[in-house]
Amino acid sequence: MPASDSRGSAALPASPYTTWQMGPARAGDCVVLVASKPGVFAHGHLDPAASMLAEAIVAVGETVADGAPAQMGARGRSLHLSSGNGFVPAVAARCGYQPMALDRYQSNVEASQRTLHDREGAVVAHAALAGALVPDASCTLVTIRIPTDKLSVQLAIAEAFRVLAPGGTCMLAGGNDEGAKPAAKMLERVFGHARLDAQHSSHRLLTARKLVDAPRDPDAIASPWLDEGHFHEVPVRTGGAAFTLYTRPGVFSWQHLDEATNLLAGVMRIDAGERVLDLGCGAGALGVVAARHGASRVLLLDADADAVRCATRTAQQAGAAAIDVRASDVAQAAGDERFDVVVTNPPFHLGKGTDLHIPRAFITQSYDRLLPGGRLYLVANRTLPYEWLIEETFGEVRTAHDGQRFKVIGAVRGG
């Protein structure tokens, strides 16, 4: 990695990425305090789909005469898929349900935990599917804040039908540009009906009740991915190593090895005995390459629950004993451990938008966890303005590759 413009490191103020805030959110007459920070879905605004779900719960909920919340659990158990900041399950708790909040992303899980911290009996889980967490048809309500990929919507609707008790209600909401219309059709195929209950801000709310014991159209939700032990196998050859990636829907680039990761695997230098950290590891490709190059320890971190399971499987099948995989919001799970090399392909999307708080956190937390003389390798779309973020943190920027579509940039931490 050739050097350029080296000026040494500078002390920086604490990142706002790690600062939690609590603020009120309203659904009808129900007001709850919601936790958020950069990196949490819908940070800085109220998600229209979540608002629709919460208002629908209030509309059919019960409160006692003086306006106090109904006793939690009086209306049965509720499951909230893609719980985000916990607003919807918190409203459900106030309206008499015993909520279980599920989200596949670690930052959202922690937000839901903070939002629901005073709701005794509420459960928050870091998972893509309810699986063994809800083994029977015991829920009276399921809400789905729809994900943006069709397979994940299919799995969410299948889970909703499976866990709902007879007569239970499924509420589904999302943006028209996120697939709300196809999701409504799938809901109708499974439940036999779907009612459009609200439509505004280019979002839709659909409701269906479980009136039959079996899906009306079983083919609509027939999927091997409902088995959490089922993985897609992707044979790869990258960075001088050949192995198999194990992936699942929703994990970054789950059907093939993405071009940026392949590029970084070939550019990064890993010396025998070095300690390597991969931030945002996905299915674990870079970790296996680092281990094959002789790294003595490789820590893989990802916020996505399924990515953690996939990377674990990839490492096991590759025979990479040096690899440790953990769920983490950026580098939080690394604790005080320090490394010789950090490699990363940071996400820059939060929902549909671009959020530079996220790559900034990846860069500053990379600096914090590098030993003096340690190296950062970051791959990104060529147009993303990461150089100034690296320079303000490390005091320098180094370029390892500058291509037509992607670049590999980074820095060396000073002593």
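The values are calculated or read from the model by the stated rules, or taken from the named source; none is laboratory data. These numbers were taken from a predicted model, which means no experiment stands behind them. For neighbour counting, all protein chains shown are included, and Cβ atoms are generated from backbone atoms with ideal geometry for every residue, glycine included. For accessibility, only protein heavy atoms count, side chains too; no ligands or nucleic acids. Shrake-Rupley method; radii C 1.70, N 1.55, O 1.52, S 1.80 Å.
Laid out as a table, the results:
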item: Furthest towards positive pole of dipole, Ile144, Leu133, Gly175, structure part the range 116-243, Cβ charges; result: Gly175
item: Residue among Ser78, Ser328, Ser253 with the largest mean-square fluctuation in a Gaussian network model of the chain, springs linking Cα atoms under 10 Å; result: Ser253
item: The chain, accessible area per residue, ligands and nucleic acids excluded (1.4 Å, Å²); result: 41 Å²
item: Relative contact order, percent, the chain [alpha-carbon distance under 8 Å, six or more residues apart]; result: 13 percent
item: Base-10 log of normalised Debye intensity for the range 304-346 (one unit scatterer per alpha-carbon) at q = 0.13, 0.17, 0.22, 0.28 Å⁻¹; result: -0.32, -0.56, -0.92, -1.21
item: D (Stokes-Einstein, µm²/s), Kirkwood Cα radius, the range 331-411, 0.890 mPa s at 25 °C; result: 189 µm²/s
item: Size of the range 176-231 as Cα extents on the principal axes (Å, biggest first); result: 38, 28, 14
item: Two-decimal Rg/Rh across the range 263-398, once Rg and the Kirkwood Rh are taken from alpha-carbon atoms; result: 0.94
item: Within the accessible area of the range 114-194 (1.4 Å probe), percent carbon and sulfur; result: 53 percent
item: Heavy atoms of Cys30 accessible to a 1.4 Å probe, total area in Å² rounded to 10; result: 10 Å²
item: Selection from His45, Cys30, Ala194, by position along the positive dipole direction of the chain (Cβ); result: Ala194
item: Mean projection area, nm², convex hull over Cα of the range 199-260; result: 7.8 nm²
item: Longest to shortest principal axis, alpha-carbon extents of the range 201-311, angstrom; result: 61, 33, 23
item: Computed [θ] at 222 nm, deg cm²/dmol, the chain (DSSP H ≥ 4; -39,500 (n - 2.57); rounded to nearest 500); result: -8000 deg cm²/dmol
item: Per principal axis, descending, Cα span of the chain in whole Å; result: 68, 44, 36
item: Dimensions in Å of the range 26-145 - Rg and Dmax from alpha carbons; result: 13.1, 39
item: Share, in percent, of DSSP beta bridges within the chain that are antiparallel, nearest 5; result: 50 percent
item: Carbon/sulfur fraction of accessible area - the range 266-415, other protein chains in place, 1.4 Å, %; result: 47 percent
item: Lysine pair number, Cα distance threshold 26 Å (strictly under), the chain, separation 8 or more or different chains; result: 10
item: Relative compactness, the range 95-184, computed as alpha-carbon Rg over 2.2 N^0.38 Å; result: 1.09
